[in-house]
Amino acid sequence: VQGIVTSGEKMKIIGISGSPRGSLSQTLRLVNAVLAGAEQAGAETEFVDICFLDIQYCIGCGVCYTTGGCIHADEFGGLFQKMLESDGIVIGSPVYINSVTAQLKTVLDRMADAIHCQQFTGKYACAVSTAGGSHADEVVAYLNSVMRILGATTVGGVGVILSPDPSAIIAAETDGRELGKTMVSAIREQKKYPDQEIEHRVIRERMKSLVACNKDIWMHEYAYWTEMGW
Ligand SMILES: Cc1cc2nc3c(=O)[nH]c(=O)nc-3n(C[C@H](O)[C@H](O)[C@H](O)COP(=O)(O)O)c2cc1C
């Protein structure tokens, strides 16, 4: 299964930030704190600021369901490949109007085919968010739910409110480093969370019947499920 580390290989963890503020971003700091904790625990890490990538909107054409390809020739494919090659994914967004940034949502919308194919099965994930005044925990919960619907197991998250006390980021970074270590241990042990096992079974059954019902038009997805022996 993708995501399982075989002996001799170093565990890979990718950190993704969806803040458009580059080096000024507090979310970027928090994602990097999780990566620092993961590195301390022995993982190899890579950080990606998706706002520097050319990633177009999904237009809902369904070509990916049928062929596995996309009508857009942009940088999403490279980013997705890096995610597929990772054992763990750290995903972060600032709160923008009670939700994730448009830039990060654009990335998530490009993953409908990956959801149908449960392509993050065997991977581990966690989420972080920073906010001015509210909804950091809600965005963490949302991002973790997206990781689970892709098939990943989530190990926790850190959400922080930065107003009126911007120095709250320092304690959040400490929590972030711990989260990174937790993720590395979960990957090493291939830890199972009973609630998530149930949730994964339910999602999987739903995706399986969706793909089976549409097998005449979603040929790529049906072939993928068949090839995986699912
Ligand atoms: C367009 C926009 C929308 C925002 N919406 C919210 C919001 O709904 N709730 C909130 O608490 N903070 C909101 N904020 C504040 C950011 O979440 C906060 O400053 C965050 O820490 C910025 O993260 P960054 O430094 O990683 O860019 C918003 C900021 C912007 C620019």
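Could you tell me which residue of segment 1-22 is nearest to the ligand (Cβ to nearest atom), considering only residues that are modelled with pLDDT of 95 or more and over 22 Å from LEU179 (Cβ atoms)? This residue is PRO20. Only one of the numbered conditions (1) within 26 Å of GLU205 (Cβ to Cβ); (2) touching a strand residue (DSSP E or B) at 6+ places or on another chain (Cβ under 7 Å); (3) within 16 Å of the ligand (Cβ to nearest atom); (4) hydrophobic (A, V, I, L, M, F, W, C) is violated by ILE89, and that is (3). For first residues located in segment 107-135 and more than 22 Å from TYR222 (Cα to Cα) and small (Gly, Ala, Ser), partners that are outside any strand (DSSP E or B) and more than 16 Å from the ligand (Cβ to nearest atom) and lie 6+ apart or on another chain with Cβ distances below 6 Å form the pairs ALA125/MET147; ALA125/ALA152; ALA127/ASN144. For segment 178-230, the tally of residues that are in a helix (DSSP H, G or I) and within 30 Å of VAL34 (Cα to Cα) stands at 23. Against the list (1) in a helix (DSSP H, G or I); (2) hydroxyl-bearing (Ser, Thr, Tyr); (3) away from the ligand (no atom under 16 Å from the Cβ), the condition THR106 fails is (3).
Within segment 75-100, residues that are touching a residue at least 60 places away in the same chain (Cβ under 8 Å) sit with their Cβ atoms under 6 Å from residues that are part of a strand (DSSP E or B) and open to solvent by 30 Å² or more (accessible area, probe 1.4 Å), at 6+ positions apart or across chains, in these pairs: SER86/LYS12; ASP87/LYS12.
Residue-wise test of (1) within 11 Å of the ligand (Cβ to nearest atom); (2) of a type in the set (A, V, I, L, M, F, W, C); (3) touching a His at 6+ places or on another chain (Cβ under 9 Å).
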{"site": "GLN119", "(1), (2), (3)": "no, no, no"}
{"site": "ALA125", "(1), (2), (3)": "no, yes, no"}
{"site": "TYR142", "(1), (2), (3)": "no, no, no"}
{"site": "VAL146", "(1), (2), (3)": "no, yes, no"}
{"site": "GLY151", "(1), (2), (3)": "no, no, yes"}
{"site": "VAL155", "(1), (2), (3)": "no, yes, no"}
{"site": "GLY159", "(1), (2), (3)": "yes, no, yes"}
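The values are calculated or read from the model by the stated rules, or taken from the named source; none is laboratory data. Quick caveat, the model's predicted, so the values are computed rather than measured. For neighbour counting, all protein chains shown are included, and Cβ atoms are generated from backbone atoms with ideal geometry for every residue, glycine included. For accessibility, only protein heavy atoms count, side chains too; no ligands or nucleic acids. Shrake-Rupley method; radii C 1.70, N 1.55, O 1.52, S 1.80 Å.
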